[in-house]
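Undergrad: Before anything else, here's the structure in question.
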Amino acid sequence: MTDNMKKMIAIICTKYGPPEVLQLKEVEKPTPKTNEVLIKIYATSATASDCIIRGFKLPVRMWIPARLALGLTKPRKSILGLVLSGEVEKAGEDVKQFNKGDKVFAHTLFQFGAYAEYICVPETSAIELMPSNISFEEAAAIPFGGTLALYYLKKATIQRGQKVLIYGASGAVGTSATQLAKHFGAEVTGVCSTANLELVKSLGADIVIDYTKENFTDRRMQYDLIFDAVGKKKSSHLLYKKALNPNGKFISVDDDSPGKHAVCKANLIILKELTEKGILKPVVDRIYTLDQIAEAHRYVDKGHKKGNVIITVK
Ligand SMILES: NC(=O)c1ccc[n+]([C@@H]2O[C@H](COP(=O)([O-])OP(=O)(O)OC[C@H]3O[C@@H](n4cnc5c(N)ncnc54)[C@H](OP(=O)(O)O)[C@@H]3O)[C@@H](O)[C@H]2O)c1
């Protein structure tokens with residue numbers, strides 16, 4: 001915290017572009033409204049979404065609507081950062097669920113703002129007491145991939161006993177999807193590169209396939225569900241049709257913009273309970289500090305992180 005108690009340090013996205021557009025600045029510390037909590041942030045994450053928005057890496061057909069929605073030359077929400085863990089510093093007078101000192105984790109959805117020392121979020125948004133058995137760094141590794149994986153597996157009505165293939169099982173979405181699919185009773189095949197085979201096996205995958213050595217469709221296996229957790233149209237239903245049984249489903253992490261259906265308190269509660277039972281283990285790859293954010297984004301831009309890249313804010 002800076003000398004002036006009304007100021008805080010934050011990372012500002014000065015324009016769309018490479019990681020260097022992210023700059024450390026002193027800004028106004030937010031004040032909670034009556035229905036909001038003020039959180040002292042301890043950890044956030046360099047998520048795929050933060051990197052996509054910072055670099056404006058969107059399909060051409062989305063350029064105009066996205067610039068209108070996000071900001072023409074730079075993000076209107078100049079402080080990026082989708083997810084966080086931290087401690088409630090102050091609760092607005094109408095807040096009932098949280099008290100000063102509560103340890104929480106949250107997903108800010110389209111509000112962003114977690115690349116900072118403090119944030120205010122409504123009590124009813126996607127914020128929950130964080131799992132009691134993990135660190136702040138691990139707690140910040142849950143909301144992004146966890147909510148997306150849960151949303152898509154539920155959307156695909158995953159069933160006990162199904163053969164499920166997770167394509168991209170080692171990323172933030174993939175590591176969550178692998179563990180959740182096992183929890184839902186599926187027989188899970190995880191696809192990733194050589195370096196991540198052991199990780200994916202350790203998350204419970206029954207079978208792991210190295211995409212650098214073979215195409216999984218050549219195995220002549222038929223799956224009930226193929227979940228593409230890589231996205232960016234690297235796969236498609238047509239490409240994988242021969243690996244789906246006649247009633248099998250293909251679902252991609254980029255199928256839609258799940259919004260509040262995925263990012264909600266109810267899903268955070270499920271993820272918290274599964275974590276406390278030891279069923280869901282947050283996967284943390286590298287940890288950077290807030291002033292190393294450009295380096296963190298550079299690493300995430302490569303598209304091969306193992307689970308999550310965490311940023312500590314201290
Ligand atoms: N719909 C939405 O609202 C929404 C929101 C956020 C994100 N997304 C999408 O979700 C995607 C995944 O996010 P994430 O955070 O999980 O990403 P990530 O952590 O970077 O994971 C990427 C995964 O892709 C694999 N991969 C990379 N290149 C590959 C290739 N050529 N062939 C096969 N697998 C490859 C990686 O495995 P290896 O490292 O082993 O190669 C890794 O498992 C994003 O890229 C974005 O498209 C969608």
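Undergrad: Considering only the range 1-39, state which residues are among the charged types (D, E, K, R) and either crowded, with 18+ Cβ neighbours inside 10 Å or under 23 Å from A66 (Cβ atoms) (or both).
TA: K15, E20, K29, E36
Undergrad: Sticking with this structure for a sec: I want to confirm something. Restricting to the range 156-189 and keeping residues that are open to solvent by less than 10 Å² (accessible area, probe 1.4 Å) and part of a strand (DSSP E or B), which single residue is nearest to the ligand (Cβ to nearest atom)?
TA: I166
Undergrad: Moving on. Please determine whether any residue of the range 139-149 is in a strand (DSSP E or B) and either within 16 Å of the ligand (Cβ to nearest atom) or not hydroxyl-bearing (S, T, Y) (or both).
TA: no
Undergrad: I'm trying to understand the selection: among the residues of the range 135-152, which are of a type in the set (A, V, I, L, M) and either touching a strand residue (DSSP E or B) at 6+ places or on another chain (Cβ under 7 Å) or open to solvent by 10 Å² or more (accessible area, probe 1.4 Å) (or both)?
TA: Hits for the range 135-152 are A139, A140, A141, I142, L148.
Undergrad: Right, something else. Select from the range 289-314 the residues that are away from the ligand (no atom under 14 Å from the Cβ) and crowded, with 18+ Cβ neighbours inside 10 Å and list them in ascending order.
TA: Narrowing the range 289-314 to residues away from the ligand (no atom under 14 Å from the Cβ): 289-295, 311-314.
If the condition is that a residue be away from the ligand (no atom under 14 Å from the Cβ) and crowded, with 18+ Cβ neighbours inside 10 Å, then L290, I293, A294, I311, V313 are the ones that fit.
Undergrad: Let me confirm something: among G185, G146, which residue is farther than 23 Å from I41 by Cα and not polar (S, T, N, Q)?
TA: One residue alone meets the criteria, G185.
Undergrad: Now for a separate question. Would you confirm, using the coordinates I've provided, whether L68 is in contact (Cβ under 8 Å) with a residue 12 or more places away in the chain and over 20 Å from the mean Cα position of the chain (by Cα)?
TA: The answer is no for L68.
Undergrad: Return a yes/no flag: does the range 250-269 have any residue that is of a type in the set (S, T, N, Q), in contact with a strand residue (DSSP E or B) (Cβ under 7 Å, 6 or more places away or on another chain) and under 16 Å from A48 (Cβ atoms).
TA: yes
Undergrad: Could you figure out which of (1) surrounded by fewer than 21 Cβ atoms within 10 Å (Cβ to Cβ); (2) over 20 Å from N35 (Cβ atoms) isn't true of L109?
TA: For L109, the exception is condition (2).
Undergrad: Follow-up. If I ask for residues that are open to solvent by 50 Å² or more (accessible area, probe 1.4 Å), within 20 Å of P282 (Cβ to Cβ) and touching a strand residue (DSSP E or B) at 6+ places or on another chain (Cβ under 7 Å), which ones from the range 190-229 would you list?
TA: Of everything in the range 190-229, just one residue is open to solvent by 50 Å² or more (accessible area, probe 1.4 Å), within 20 Å of P282 (Cβ to Cβ) and touching a strand residue (DSSP E or B) at 6+ places or on another chain (Cβ under 7 Å), namely K201.
Undergrad: Identify all residues within the range 43-89 that are within 10 Å of the ligand (Cβ to nearest atom), surrounded by 24 or more Cβ atoms within 10 Å (Cβ to Cβ) and either of a type in the set (A, V, I, L, M) or not in a loop (DSSP other than H, G, I, E, B) (or both); write none if there are none.
TA: S45, A46, A48, D50, L82
Undergrad: Okay, moving on. Could you check, for the range 239-251, whether at least one of its residues is within 20 Å of the chain's Cα centre (by Cα), under 19 Å from Y151 (Cα atoms), within 15 Å of the ligand (Cβ to nearest atom) and buried (at least 16 other Cβ atoms within 10 Å of the Cβ)?
TA: So far as the range 239-251 goes, yes, one or more of its residues are within 20 Å of the chain's Cα centre (by Cα), under 19 Å from Y151 (Cα atoms), within 15 Å of the ligand (Cβ to nearest atom) and buried (at least 16 other Cβ atoms within 10 Å of the Cβ).
Undergrad: Quick one: in the range 266-286, which of the residues that are open to solvent by 40 Å² or more (accessible area, probe 1.4 Å) and more than 15 Å from the ligand (Cβ to nearest atom) is farthest from S135 (Cα to Cα)?
TA: Selected residue: A266.
The values are calculated or read from the model by the stated rules, or taken from the named source; none is laboratory data. What you see is a predicted model; the values in this text were computed from it and never measured. As a convention, Cβ positions derive from the backbone with ideal geometry for all residues, glycine included, and neighbour counts pool all protein chains shown. Side chains included, ligands, DNA and RNA excluded: accessible areas come from the protein's heavy atoms. Shrake-Rupley method; radii C 1.70, N 1.55, O 1.52, S 1.80 Å.
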